[in-house]
1. Using Cα centres only, tell me the gap between region 112-144 and region 77-97 in whole Å.
2. Compute the projected area of the convex hull of the Cα atoms of region 8-84, averaged over all viewing directions, and report it in nm² to one decimal place.
3. Based on the Kirkwood radius over alpha-carbon pairs, what is the Stokes-Einstein translational diffusion coefficient of region 93-198 at 37 °C with 0.692 mPa s viscosity, in µm²/s?
4. Between A215 and A140, what is the label-to-label distance in nm when each label sits 7 Å out along the Cα-to-Cβ direction?
5. For the full complex of protein chains and a 1.4 angstrom probe, list I67, I22 by accessible area with the highest value first.
6. Please work out the average accessible area per residue across region 162-215, using the 1.4 Å probe convention, and give it in Å².
7. Which pairs in the list K27/K126; K40/K190; K51/K132; K27/K190; K63/K95; K95/K126 are over 28 Å apart, alpha-carbon to alpha-carbon?
8. What does the accessible area per residue of region 97-147 come to in Å², with a 1.4 Å probe and no ligands, DNA or RNA counted?
Amino acid sequence: MASEKPILYGYFRSSCSWRVRIALALKGIAYDQVPVNLLKDGGQQLSAEFKAVNPMQQVPALKIDGITLSQSLAIIHYLEDTRPNPRLLPQDPKKRAQVRMISDHIASGIQPLQNLSVLKQMGERKTEWAQKCIASGFQALEQVLQQTAGRYCVGDEVSMADLCLVPQVANAERFSVDLGPYPTITRINKALLELEAFKVSHPSRQPDTPAELRA
């Protein structure tokens with residue numbers, strides 16, 4: 001393993017960055033943060049400097065072991081492959097598939113539809129659009145979780161699915177989505193937010209969190 005400390009390029013409020021921060025915290029990996037403000041200077045992710053780090057011009061990006069990775073789930077898979085404890089993917093193939101299914105449902109089916117670049121295109125309709133995307137995604141997710149959940153998304157062990165769930169619920173709350181119809185999602189989210197790794201990685205506790213949003 002390279003001895004250099006990993007560097008996470010992220011944004012306090014980015015749900016994809018938050019997923020990776022939770023994984024790093026759970027696995028006890030010390031790292032440095034380089035904040036990339038998605039709103040300031042017309043979006044710092046669009047700078048030539050950051051494009052050299054991640055050509056997709058998105059956060060997060062993680063420099064680790066001499067490589068730079070983008071895409072939160074790819075980063076989490078790499079951490080899982082190289083630092084397997086505690087594990088974030090169950091050993092049982094069926095449970096593992098369920099974890100990946102839930103993670104993909106959130107990371108591909110909900111989050112991109114209401115991320116910053118899409119909302120910019122929606123103009124005045126952005127809140128209504130975000131609420132619609134999240135609510136339809138949560139209706140499906142609630143049904144799935146009723147089949148798979150124990151204490152957490154899949155059984156009683158924290159998995160990659162949980163790392164996707166918590167930031168997505170925070171997004172839902174930010175856009176004032178009524179969570180009443182999703183008791184399973186709400187219950188799991190509450191249990192996860194009691195865990196230290198989810199607390200330290202929370203958007204209210206990051207180096208780039210604005211003073212008025214700090215915990």
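The values are calculated or read from the model by the stated rules, or taken from the named source; none is laboratory data. Remember, predicted model here, so these are calculated numbers, not experimental data. As a convention, Cβ positions derive from the backbone with ideal geometry for all residues, glycine included, and neighbour counts pool all protein chains shown. Keep in mind that these areas ignore ligands, DNA and RNA; they rest on the heavy atoms of the full protein, side chains included. Shrake-Rupley method; radii C 1.70, N 1.55, O 1.52, S 1.80 Å.
1. That distance is 29 Å.
2. Values: hull surface 19.1 nm².
Dividing the Cα hull surface by four gives the mean projection, 4.8 nm².
3. Working: Rh = 13.9 Å.
It diffuses with D of about 236 µm²/s by this estimate.
4. Simple spin-label model gives 3.1 nm for this pair.
5. On the way: I67 75, I22 0 Å².
Reading off the accessible areas and sorting them downward yields I67, I22.
6. Details: 2520 Å² over 54 residues.
Here the per-residue accessible area is 47 Å².
7. Values: K27/K126 36 Å; K40/K190 32 Å; K51/K132 32 Å; K27/K190 21 Å; K63/K95 30 Å; K95/K126 36 Å.
Pairs exceeding the cut-off: K27/K126; K40/K190; K51/K132; K63/K95; K95/K126.
8. Working: 2870 Å² over 51 residues.
Ligands and nucleic acids excluded, the figure is 56 Å² per residue.
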